[in-house]
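Have a look at the structure below before the remarks.
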Amino acid sequence: MPIIHFINNKTQTAGGMRNVLNYVSRKEKTVSEDKRFVTVINCAPDTALDEMTATKNLYRKTDGRLYYHLVQSFPSGYEIEPELAHKIAVELAEKAFGKYEVVVATHIDREHIHSHLVMNSVSFEDGKKYHSNKESVEQLMKLSDNPVIFYSI
């Protein structure tokens, strides 16, 4: 089963968010032959950062935590195809963060395939900020441990 961990960036800036989005989406990490393993949810691929920033500005929530950065990976030695790893990460993002803008990028440049999820901290639907706590992390791990995709392939 996949493992989730948060990348804790306590001091966040707009430039830091841009750098994280650029890093996770790098072609040399996400492209295999003619497939690119980057999916966006509730935003467009080329304008994700601008849309996240616009959401923050719209609701006047431009300080504090700007984004969440999670990594979904599989235990050492677990073999998984990039397509399946990416589908599982996208499914998790859709279920857990449906009212937020999210970039899902699966890194396939190493033997250890893993997916990055970068989520706007402000909901585009209602302007509420996502707050991570023990309960939300436990719920996220349960969702990650039980992907429907395992059973539908």
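Couplings for region 100-106, taken from phi via the Karplus curve 6.51 cos²θ - 1.76 cosθ + 1.60 with θ = phi - 60°, read 10, 7, 9, 10, 10, 10, 9 Hz in order; Gly and Pro are left as x. Report the residue, chosen from Ser123, Ser32, Ser76, that carries the largest GNM mean-square fluctuation when the chain is represented by alpha-carbon nodes joined by springs under 10 Å. Largest GNM mean-square fluctuation: Ser76. In the elastic network of the chain, a GNM with C-alpha springs shorter than 10 Å, the most mobile of Val20, Val71, Val118 is Val20.
Multiplying the sequence separation of Arg60 and Thr47 by 0.36 nm and subtracting their Cα-Cα distance, what value in nm do you get?
On the way: separation 13, 0.36 × 13 = 4.68 nm, distance 1.96 nm.
Gain on stretching Arg60 to Thr47: 2.7 nm.
Using C-alpha pairs under 8 Å with a sequence gap of at least 6, the mean separation divided by the residue count of the chain gives a relative contact order of 32 percent. Its DSSP H runs of at least 4 residues, each contributing -39,500 (n - 2.57), put the calculated 222 nm mean residue ellipticity of the chain at -10500 deg cm²/dmol, to the nearest 500. Summing Cβ point charges (Lys, Arg +1; Asp, Glu -1) relative to the Cα centre of region 3-148 gives a dipole of roughly 660 debye. For the chain, modelled as a GNM whose springs connect Cα atoms under 10 angstrom apart, the maximal fluctuation among Asp109, Asp34, Asp46 occurs at Asp34. For region 48-142, the set of GluC sites (Glu not before Pro) satisfying both a DSSP loop assignment and a count of at most 14 other C-beta atoms within 10 Å is given as Glu79, Glu111, Glu125.
The Rg/Rh ratio of region 20-134, with both radii computed over alpha carbons and Rh defined as the Kirkwood radius, is 0.99.
A short reminder: the numbers here are calculations on the coordinates, not readings from a lab. Just so it is clear, the structure is predicted and the values come from calculations on it, not from any experiment. Note: ideal-geometry Cβ built from the backbone for every residue, glycine included; neighbour counts use all protein chains shown.
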